[in-house]
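Nothing in this text is a laboratory measurement; each read-out follows from the coordinates by a stated rule. The shown structure was predicted, so the numbers you read here are calculated from the model rather than taken from an experiment. For neighbour counting, all protein chains shown are included, and Cβ atoms are generated from backbone atoms with ideal geometry for every residue, glycine included.
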């Protein structure tokens, strides 16, 4: 029976599993990079003086920092994509419960499903991470950040640790998403599947609490010394990221009415975004993270250079930007995957719109308006996360409240985010619109 | 009376050579309620899809509200459908996460004519006060009435209904049919309904029986039991 449910889930919407699988593969790759970087730095045949210098300038910590950030990102992003994939199956889960599956059995089936996605994804991700790790170590040596004696080494625990991270985060995300559908009484479950799920009675207050906490901390840190502000920055970022993640549906519902200004298509798009705020927020979270991470790193570097007039060293620049680039790319891929999943599940809705009189072009315009709402929300939320994190640092270390945002970066981030969201929403929609609506409805 | 829907020797051949409709001609005047019946595979759904411009016939001509659909491009046909046709399906085909009002006004918000107000059509289908409810919370009969309200809001020339009572019990189905009847009598819309249920067909003015893609009977709709007899006769020959 378990395998039957999984087969149904995979056949009905194979795209739904592409999101979790890709993000898990990338998570496995990042963890591998981090572990191998650590092994390479620790295992290098260095003199005592060389090692002491590395410890002093903090480059021995680079691998560990990378690893911790990778795991943190994986928990957030794999959890979110897996949650979206399971949420998509609410109706099938309800049927599964109706024909006699106990809540525990439903949870087991979901857990098995999450595990099954994680295994091939991890096996694909680890080799990718080995390649990436080798390239990174090579880059560290090439930029003179570490001595030439440092060579690429494979960490012995790569496979078990990568599996622990992907399977663990996948299970966690899936089981949290499955709490509602597995606990509902079957009769309610079937009705529930058709109705919008839940009202976020825990989610929204918790999100508000985290954002309020992060903002307060940000204000408090601004009044302290530079070192404390620097140490507390991570905590601000953590709570802001988790907080905006939880507030995702609310943010989209607040932003949606803006689309009404665009015209009739925008009004339909606004309704769609409100109705689907929950599933769309699965994409909003990673996109916000990508924007927030990138903005934080770029702006703090640019402002420091601008205020002090001292250009950042090439090596420092490479280290920061390569890390940020990898994280942002990871989050962006996850966001696009979730958007594709959400869009693929809407084939029937698009067909209904066309039946009641929307042309192909008109339907696509509605989808593009939805994409603009998601883009704008991700940009604003990402900017808020970055601002809360970096303003105290700027104020305490540089004595300025004004962040310096390079124009090419600003344009790049806006265009890049819009391109990602359009690729995730409008592209699959355009493909689906090629089928005659009456064939989809049948 | 000028017909609002006109099919002239319409044929539809599918890719594998199956001829679903052959030389079907049908003139429907405004205010007439037509029931199309026939065995499974007789071509009744194909007839409805071709008449509504949802499918392109391989031969013959279709005119809807005075416009020739035959040579039209997809986007022009879509606009014609939006402005002059309303649709009711067996599976409701509503956007279940939107509210009743959002569903009913969808054709208007997509640029169609606002023939009537939301309150007016919701009142007509007996759903006054349901405007803000999410469609996902409604029963099957209520959903089908939302679909009818959505079909009527543009004051269409023709309402196309594909097995509108197929998923409903006789009482609920009766209410839906009475609404289609009223659309013809009160609003003067032509109604083209495909059904397999003789009791549903008995609500119509005119019965069209299809057999293997050809019209086997076209005349005034008799009583339900007679319809059932005729249907059995047609199906027996077909089988």
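When chain B is treated as a GNM with alpha-carbon contacts under 10 Å, the residue of B:161, B:200, B:228 showing the greatest mean-square fluctuation is B:228.
When the label point is put 7 Å from the Cα of residue A:75 along its Cα-to-beta-carbon vector, which residues of region A:204-240 have a backbone N closer than 16 Å? Those under the cut-off are A:210, A:234-240. Computed per residue of chain A from DSSP H runs no shorter than four, each worth -39500 (n - 2.57), the mean residue ellipticity at 222 nm is -28500 deg cm²/dmol.
The convex hull defined by the C-alpha atoms of region A:48-104 has an orientation-averaged projected area of 6.1 nm². Cβ crowding within 10 Å, taken as a proxy for footprinting-reagent exposure, orders B:217, B:14, A:327 from fewest neighbours to most as B:14, B:217, A:327.
Here the spin labels are modelled as points 7 Å beyond Cα on the Cα-Cβ line, and at residue A:119 and residue B:15 they lie 3.7 nm apart.
With only Cα atoms counted, region A:199-442 has Rg and Dmax values of 20.0, 66 Å. Two numbers describe the Cα atoms of the protein assembly as shown: Rg and Dmax, which are 30.5, 104 Å.
Against the empirical curve 2.2 N^0.38 Å, the C-alpha radius of gyration of region B:3-238 lands at a ratio of 0.98. Of all DSSP bridge pairs formed entirely within the protein assembly as shown, close to 50 percent run antiparallel.
Please give the contour-minus-distance gain from residue A:322 to residue A:402: 0.36 nm per residue of separation, less the Cα-Cα distance, rounded to one decimal in nm.
Computed gain between residue A:322 and residue A:402 is 26.3 nm.
Using C-alpha pairs below 8 Å separated by at least 6 residues, the relative contact order for chain B is 27 percent. Measure nothing fancy, just the Cα-based angle from helix A:158-183's long axis to the longest principal axis of chain A, in degrees from 0 to 90, nearest 10. Around 30 degrees separate the two axes. The share of Cα pairs per 10 Å bin across region A:359-442, counted from zero up to the longest distance, runs 15, 32, 23, 15, 9, 4, 1 percent.
For residue A:302, project a label point 7 Å along Cα to C-beta. Then give me every residue of region A:368-387 with its amide nitrogen under 16 Å of that point. Those under the cut-off are A:379-380, A:382-387.
With neighbour counts taken as other beta-carbon atoms within 10 Å, the residues A:362, A:306 rank, fewest first, as A:306, A:362. One decimal place: the segment residue A:261-residue A:47 gains 70.5 nm when fully extended, by the rule 0.36 nm per residue minus the C-alpha distance.
Between residue A:312 and residue A:112, the distance separating the two model label sites (each 7 Å from Cα on the Cα→Cβ line) works out to 4.9 nm. Considering only DSSP beta bridges whose two residues both sit in region B:85-239, what percent are antiparallel, to the nearest 5? So the antiparallel bridges amount to about 40 percent of the total. Arranged from fewest to most other beta-carbon atoms within 10 Å of their beta carbon, B:132, A:317 become B:132, A:317.
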